[in-house]
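Written below as structure tokens is the structure these notes are about.
The values are calculated or read from the model by the stated rules, or taken from the named source; none is laboratory data. Model, not experiment: these values are computed from the prediction. Positions of Cβ are backbone-derived with ideal geometry, glycine not excepted, and every protein chain shown enters the neighbour counts.
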Amino acid sequence: MALVEIDNISKNYQMGEVQVPALKQITLSIDEAAFVSFVGPSGSGKTTILNLIGCLDKPTEGKIVVDGKQVNTLDRKQSAVFRGSVLGYIFQAFNLFPVLTAYENVEYPLVMIKNELALKRKEQVLEVLEAVGMIEQKDKRPDQLSGGQKQRVAVARALVTRPKLVLADEPTANLDRKTAINVIRLMHDMRDKFNTTFIFSTHDAGIMAEAEVIHTLEDGRIIQSKQYPSSVQEGEK
């Protein structure tokens, strides 16, 4: 069943008197529990398509449906509510609060968005920290963690609200190759554990050997889409 349906979307940005096309007539669907990557060089439209799916921007034309809701028609308040209930985000710069511990960073969305009771919050936070292998470092602040550990905390924070969809924009850009591959495989494992759909972007096609569906963007268009069964991926590791 499709969780995301994109129907003939285009996105133009106004640069002075000139309209600059970022996406051109994109149509695709993404299933529940999928592990999907958009790849391509800088400026190809990867971040734009994630922003449109995540209700951070609106297409110039076309329709986007996420979890049964046409998100391109939502106003700012409706978009914020929808993001809080359905989406999780992982950023390339980690975006952790430096004054908070790993535990507190993961707990933050439950306080601000879900307003969960303290006991339930604790159970959920400890569960995802355990799942990403960061339970031993839960009381450390970001400046006491390595880059890979920070991104593991970011993955845990994105998952703690039990979103149906996680968007990750260049989540491995600030990591070395070995750590980056480990983080992508961690996200893959979290997909299997929590049945979450992951959509992420990168300009590094080599890192995406873990993806099951790869859409290649160039100049705002999808020029190639490939699907790799999980069994094939396992055999290529």
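Things to note:
- Residue ranges of helices (runs of 4 or more DSSP H) in the stretch 68-187 with at least 3 members in contact with a strand residue (DSSP E or B) (Cβ under 9 Å, 6 or more places away or on another chain), touching a residue at least 12 places away in the same chain (Cβ under 8 Å) and buried (at least 19 other Cβ atoms within 10 Å of the Cβ): 147-159
- In summary, Ala205 fulfils each of the numbered conditions (1) within 18 Å of Ala2 (Cα to Cα); (2) touching a residue at least 40 places away in the same chain (Cβ under 8 Å) with the single exception of condition (1).
- If you go through the stretch 25-63 and keep only what is loosely packed, with under 15 Cβ neighbours inside 10 Å, touching a residue at least 60 places away in the same chain (Cβ under 8 Å) and either polar (S, T, N, Q) or assigned to a strand (DSSP E or B) (or both), you end up with Gln25, Asp31, Ser42.
- For Ser201, the conditions (1) of a type in the set (Ser, Thr, Tyr); (2) within 20 Å of Ala33 (Cα to Cα); (3) assigned to a helix (DSSP H, G or I) all hold with the exception of (3).
- Across the stretch 1-24, the qualifying residues are those that are farther than 24 Å from Val86 by Cα and of a type in the set (D, E, K, R), and the one among them that is surrounded by the fewest Cβ atoms within 10 Å (Cβ to Cβ) is Glu17.
- Residue check for Gln19: of a type outside the set (Lys, Arg), modelled with pLDDT of 95 or more and over 21 Å from Ser79 (Cα atoms): no
- Any chance Lys69 is out of contact with any Lys or Arg (no Cβ under 9 Å at 6 or more places or on another chain), farther than 27 Å from Ala34 by Cβ, at pLDDT 90 or above and not aliphatic (A, V, I, L, M): no
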